[in-house]
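Quick notes on the structure that follows.
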Amino acid sequence: MDPLLDIQNLSLVFDTFDGTYHAIDDVSLSLKPGEALGLVGETGCGKSVLTRAAFGLVPSPPARITQGSVKLDGMELLGLSDRALRQVRGRQVAMIFQDPMTYLNPVFKVGTQLVDAIRAQHGGAIDRKAAREIALDMLEKVHLPNPLRQFESYPHELSGGMRQRILIAMALAARPKLLIADEPTTALDVTIQAQILDLMAELVDDMNLSMIMISHDLGVVAQVCSRVAVMYAGKIVEDAPIRDIFDSPLHPYTQGLLGALPHPFRPADDLESIPGNLPDLLDPPPGCRFAGRCTYRRPECTVPISLENVEPGHSVACVLRPGEAATTDSATKDLNHA
Amino acid sequence: MLKLIAKRMGLMVVMLLGLAVITFTVANIAPGDPARLAAGPDANQEMVEQIRVERGFDRPLPVRFVLYIEQLLNGDFGTSVYTGRPVAKDIAQFLPATVELVLFSISIAILLGVPLGVIAAVRQNRPIDHAIRLLSVSGVALPMFWLGLMLQWYLALNLDLFPLGGRLGIFSDVPEPITGMISLDAVLRGQFAVVGEALWHMILPATALSLPALAAIIRVNRAEMLEVLGRDYVTNARAQGIGPWRIIAVYSLKNAILPTLAMIGLRFGWMLGGTVLVEGVFDFPGLGLYAAKAAISSDFEPIMAVTLTLGAAFMLINLVIDLLYAVLDPRVRNQI
Ligand SMILES: Nc1ncnc2c1ncn2[C@@H]1O[C@H](COP(=O)(O)OP(=O)(O)OP(=O)(O)O)[C@@H](O)[C@H]1O
Ligand code: SF4
Ligand SMILES: [Mg+2]
């Protein structure tokens, strides 16, 4: 099947005061229709920048895309005019973000914002009344208790969970093909988190959406995604079905992440974190970007290493091959079966 | 909302009383004998002493203050030694001119400053941003008084493009007063040629008066727009496919205008003060010029009255601005 989203060799830099910051380096990632992909990695590794840059949402300057291609349904997006990109964003790709508190405009009513967004998604082809109908319908779909009332509210009058539901309603009103969910539950407390994840799973199913779910929580990703791509310092280091990631992670960084997973039977302060820091992306090392923190480092790790397919559907960017690195302790591995 | 207005009105009375105390004290410890002044230059010592007792100048300051406030409460602002007329009459005559000039000036500052701030922010670090910043810096750096003189000397005297001063040419048909603001009265009376002429006379003084406010508005609005354009809700609006024009002029500006509004309120006060200088330069017969002449001749009652009038005007404007704030920002609205 042809991929819905196909990112090839994408590189992006930020021109900063201190120099060129290599935020995204030679990233390839593709998504089949109907697939739900998790994108994980620690903070600052470039998850948001990657998914936003693909749809022209990273301001330039300071950002500059230096190479690569992004195809949606076979159509190249890089180099599209702003106008054309807006059509793509509104209609075909929806995004929801981390902090529902800050992604709604504080001085406009929820309804006004919904109606504006829906009209924009339709390229202005529908009137306010029709857009209002769609908005109320969507508010119902995301299970808001009293859609008419929430439609007339200002954002500060609503709870975080309600606001995230509204943002989801807004994003999905145009019935897009692809949903990018950038840590949609991180800012919410645990019970609300579970409700929102349930809602998303329901809508993905209902509306036949493909999804990229960004998170630094592998547990969250395991609940909704069938495949995971692991990012480290602007590169994808491993890309595999969710089962393989938990059962046989190949990249030492992925193994470290699994070690750092909170486990229900371990106290939270006992987390195994990976010692060391991110490399300086103003002057990144030519070889493996994880080398500074890797216990399996070898001389050949200093030459450029690309993502290679080692098993069906499982790619990794590391000189190690299956069986060469120690596997994580079994207690952590059990999590995805739980 | 009504509660807020009532509360603020009460506060205004208290603040005006404070302002009266300060001005009263300062005006009375300034050198000069009020009795001598009131008696006029030809009066002999005996007449001066008689006036001193008659007008109460021999009483202690606090007593005189209370008497003065009592007089104000009876609606009596006293008499100007300089014009020889009741101060209330003078103010009624000169205030509209100043209000007209200040409203014209602040309109220029807002109508230019807000869009220029937006453009500078949207085109950050491009040539147009640098040009706008240059204008903004010069507005802060150039003294109002000097700027007024330069405009007058170059554009009015040398190039003869604008009138040297005044509110209207001597042959113009002054519209029958309704508000006392010539341009507005002329509109109301349908004398449209006079409208143009009145505005024409105000351009140079208004330019001098508005430049510092313009500079401040540009600076604040640019900074606020830059911040707002980086906010998450702007990213979300863009992700929905909403067009750049709507995002800038509606979604962002409504947020960025709030701090700018606070700045506009402050600048109003500066402008009212600035009229003393600018009206002097352009011989513009407003309250500023009246106050300057009263101050030079130590004419006590007009000084008090003008100070209190300008103080009340400033407080009223700021009340209006606070109400506007509540209209624009639902979070503020809920608190009041
Ligand atoms: N406008 C910008 N100018 C310079 N650097 C930027 C800019 N935006 C992002 N970056 C840098 O790009 C890197 C990747 O940022 P990104 O927001 O994609 O991280 P992330 O993986 O989404 O992290 P998080 O999990 O915290 O959301 C960060 O190191 C960040 O400092
Ligand atoms: S390439 Fe080398 S340094 Fe990088 S993760 Fe693999 S073993 Fe470690
Ligand atoms: Mg992020």
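Brief remarks follow.
- The protein assembly as shown: calculated mean residue ellipticity at 222 nm from DSSP helix runs of at least 4, using -39500 (n - 2.57): -16500 deg cm²/dmol
- Buried on assembly, the stretch A:148-162 (at least 40 Å² less accessible surface than by itself, 1.4 Å probe): A:TYR154, A:HIS156
- Per-q log10 I(q)/I(0), the stretch A:82-179, q = 0.18 Å⁻¹ (Debye; single scatterer per alpha-carbon; no solvent): -0.77
- Solvent-accessible area of chain A (1.4 angstrom probe, protein heavy atoms only): carbon and sulfur portion equals 52 percent.
- The protein assembly as shown: antiparallel DSSP beta bridges as a percent of all, rounded to 5: 65
- Among the listed pairs A:LYS109/A:LYS141; A:LYS177/A:LYS235; A:LYS235/B:LYS254; A:LYS109/A:LYS177; A:LYS177/B:LYS254; A:LYS71/B:LYS254, those whose Cα-Cα separation exceeds 30 Å are A:LYS235/B:LYS254; A:LYS177/B:LYS254; A:LYS71/B:LYS254.
- Ranked by how many other beta carbons lie within 10 Å on average, peptides A:197-207, A:89-99 from highest: A:89-99, A:197-207
- Taking only the alpha carbons of chain B, we obtain Rg and Dmax values of 23.7, 86 Å in that order.
- Here the stretch A:1-95 is described by how far its Cα atoms reach on the three principal axes: 43, 31, 21 Å, from widest to narrowest.
- Per residue, in Å², the accessible surface of the stretch B:124-218 once ligands and nucleic acids are set aside, probe 1.4 Å: 54
- When accessible surface is computed with a 1.4 Å probe, chains B and A are found to bury approximately 2300 Å² between them, both chains counted.
- Cα-derived Rg to Rh of the protein assembly as shown, Kirkwood definition: 1.15
- Shielding by partners for peptide B:243-251, expressed as the average number of C-beta atoms from other protein chains within 10 Å of each residue's C-beta, is 3.
- Principal semi-axes of the equivalent ellipsoid, √(5λ) from the alpha carbon gyration tensor of the stretch B:107-229, are 33, 18, 11 Å from largest down.
- With a 10 Å cut-off around each Cβ of A:86-99, the average count of Cβ atoms from other chains is 3.
- Ellipsoid semi-axes in whole angstrom, largest first, where each is sqrt(5λ) of the Cα gyration tensor of the stretch B:113-175: 33, 15, 10
- Other protein chain C-beta atoms within 10 Å of residue C-beta, averaged over A:112-120: 4.
- Residues whose amide H falls under 5 Å from that of A:LEU179, counting only those 5 or more places apart or on a different chain, are A:ALA94, A:SER210, A:MET211, A:ILE212, with hydrogens built in the peptide plane.
- Loop-located chymotrypsin sites (Phe, Trp or Tyr not before Pro) in the stretch B:124-180, at most 14 other Cβ atoms within 10 Å (DSSP): B:PHE171
- nm² value of the averaged projected area, convex hull over the Cα atoms of the stretch B:164-222: 5.1
- Working note: Debye formula, equal point scatterers on the alpha-carbon atoms of chain A, no solvent; log10 I(q)/I(0) at q = 0.09, 0.10 Å⁻¹ is -0.50, -0.62.
- In the full protein context, the stretch A:70-137 carries 41 Å² of accessible surface per residue, based on a 1.4 Å probe and ignoring ligands, DNA and RNA.
The values are calculated or read from the model by the stated rules, or taken from the named source; none is laboratory data. Model, not experiment: these values are computed from the prediction. Using ideal geometry, Cβ is built from the backbone for each residue, glycine included, and neighbour counts are taken over all protein chains shown. Accessible surface is based on the protein model in full, side chains and every heavy atom, while ligands, DNA and RNA are left aside. Shrake-Rupley method; radii C 1.70, N 1.55, O 1.52, S 1.80 Å.
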